[in-house]
1. Starting from the Cα-Cα distance between Thr47 and Glu268, subtract it from 0.36 nm times their residue separation and give me the gain in nm to one decimal.
2. Spin-label point model (7 Å from Cα, Cβ direction): what's the Lys454 to Gln28 distance in nm?
3. Counting Lys and Arg as +1 and Asp and Glu as -1, what is the net charge of the other residues whose Cβ lies under 12 Å from the Cβ of Val301?
4. Considering the options Pro333, Met142, Thr446, tell which one lies farthest towards the positive end of the dipole of the chain, charges being +1 on Lys and Arg and -1 on Asp and Glu at the Cβ, about the Cα centre.
5. Roughly what angle does helix 505-519 make with the longest principal axis of the chain, taking Cα atoms, 0 to 90 degrees, to the nearest 10?
6. Rounded to whole Å, give me the distance from the Cα center of the stretch 569-615 to that of the stretch 339-406.
7. Among the listed pairs Lys31/Lys69; Lys72/Lys100; Lys69/Lys505; Lys405/Lys505; Lys151/Lys522; Lys100/Lys196, give every one whose C-alpha distance is greater than 24 Å.
8. Return the FRET efficiency for the residue pair Asn420, Ala575: r is the Cβ-Cβ distance, R0 is 45 Å, and the value is rounded to the nearest 0.05.
Amino acid sequence: MLTIRSFVRVRGQDETYRPLTMQDLSVQTEKIMGSGAADDPYRLHVTVRNTSEEAWHGILKLDVFFSSKEPKFFLPGFLYGTNRGDAPLETNSKAPRLRKDPTVFPASPWWLTRSDRLSHPAVFAFSGDSVIGISAAPYFVMSGNEKSPWKPGAQGKMFQYAGFGCDIDRCTVSYTLGYENAPWFFLNSHTYYPQKPLGDNVFSLQAKEEISFTVAIFHYAAADELGIFPALRWVYTAWHEPPRQALTPHETIEIISSAVYADAWMPEKNAYSGFVFDKGGEYSLRPLPSISWTNGLAVAVPMLQAALRLGRKDMRKQALCCINHIVENSLNPQSGLPFTVEENVVWSNRGWWYDRQPTPGHTGYLVGQALYLILKAYDYERKLCGVTHSDWLSFVSGVLTVTEKSRNGDDEYPYIFSENTGAGLCYDSFSGAWCLAAAAYFCQLTGKREFLPKLLSSEKHYHSAYITHLTCYGGPLDIDKQIDSEGVLAYIRAAHWLHEITGDKNLLRRMQDALEYEFTFKFCYNSPIQVPPLSRVGWSSCGGSITSVCNPHIHPMSSSILDELLYYVQKTQDAYVESRLSDTLRWSCQLCNTYDKEYDYGKKGWMSERFCHCEGLLTETYPDGSPASTWFALMPWACGCILEGLSGEIQRG
């Protein structure tokens, strides 16, 4: 049984949440339809009325109570399970952690957050045998003199945000009129502030004023945490707004690749710059060396794809120069693995992320991704240009003989490999899934199957250990194994190729689980951006994926798997995934300057990695010190994510 109770916190009083009976407010709830099922939640019509002769300013919190010994909560894009609240808290990158009392920062038994920190206006709990959840309007609008809850296509001026929350001690999920970022607000993983006294975040009702809205309540049986996905499909349908239509895919490929080709190439280094900054019309380059992830092959291979699609021989030559340089020079003869950085003609593993690693060595994330991208370049050159780069294939084959020996007893690839022997030094991470993806792609391209039995075992491990519990961590190296949306992109690629090889329908089902996990980070509607330049250009959040629970912004990495989305849709005709594909495609075509300084910096075709959909990561500023909702830099790796997605098989799909 579920119990719904109302609590209020009032501005100017002692500001603790108190039962509604102690305030001059009345709240009436009436069930209007629904069974509580994932596709038919209870819909409650809620009316709140200020019965006093004075204006009321505060926060109304609707709590849904349920019974559970160890509930797991899911606030999409913000909190997954406990956000690894059971893991050590003393990490460089900080994020909300859920842990029962006694707690130590950044852990708390409860969290509240403004609605736009979430990708979907919903909160869920898995109680051990059922899913409980709430979905309601993420904010309210003013239509004339009337306040009303937002709905897709609603007109009017944005009035106030709502909020969502959870409490592990009280076993509640919550929806709030007004909002709090509590008990802590995280600007980013290194800047955070304690809960503030109530101010502009309150909901206001004038004397005798009332407002009505609908709340959807879920309560249905589920075997595991994956059980939230059917409810999330309902939430998506209820609140979906497509992204704006900007450029066509071809136009996007052409202007982004042309900008990277012209403005980011460093011929003396056989590489692309990591950043190109616009400082008042003067442009400066910051190398940020890396063979993949934030540079190197993550730029060169998508640029090669774009060049082949556009018929640009000059662009292809540039990209090949970078790829060949890495293949010919990066191998560490001691370990048999590629070094991950070249700086001042010296190859090493001391990238910008080095001091964030638990121990020195080659990283599974970069090694596996580099192999995968080399194979993709090999594939595209062979298919679209008729050129077979046997040296590339030989390079990958040699490295795979090392990575395939490195699994632990769980069939998991290493987080860190030894520089001396290539042996695994650290595990417990999702980053090694890139090695799985590379080996699966190699098997598909070459027809060789000696790796296949162990690959299938590894795939099942990553699914059962991470995806089933919706806690994919240990992907990118700069967030101290916090939960993120990046690492699963490798698994999705691996599942794609393993299914193509085997035809096993179970692989397609597990690929669906991974896609739906990624969708929990992907916005389903267009949040009202308040900060320029995104607020000014009409930028859409729908289709973009929140980076991680500790980096509260959207970056374009999820756009790189458009081919995998297309593959899944072609195999299943799943209309929901097809709509997510459409969102991602359209979102990807509205990120760059369509003319000089459209985003208040740079040239036509420039785009950065940072799109601030909420208060998080508003650290870039204009010259007058006011915040900016993007990073004022051309970032080729981010461009590469868009080019990889748009230049792939989706061109023919």
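1. Working: separation 221, 0.36 × 221 = 79.56 nm, distance 6.72 nm.
Full extension of this stretch gives 72.8 nm more.
2. Here the answer is 6.9 nm between the modelled labels.
3. Working: positive: Arg316, Lys376; negative: Asp379, Glu381, Glu644.
Net of charged neighbours comes to -1.
4. Thr446
5. The angle comes out at about 60 degrees.
6. The stretch 569-615 and the stretch 339-406 have Cα centres separated by 27 Å.
7. Lys31/Lys69; Lys69/Lys505; Lys405/Lys505
8. On the way: r = 52 Å, r/R0 = 1.15.
After rounding, the FRET efficiency stands at 0.30.
Computed from the coordinates by the stated procedures, all read-outs in this text should not be read as laboratory data. For clarity, every value in this text was computed on a predicted model and none was experimentally measured. Here Cβ is always computed from backbone atoms with ideal geometry, including for glycine, and neighbour counts include all displayed protein chains.
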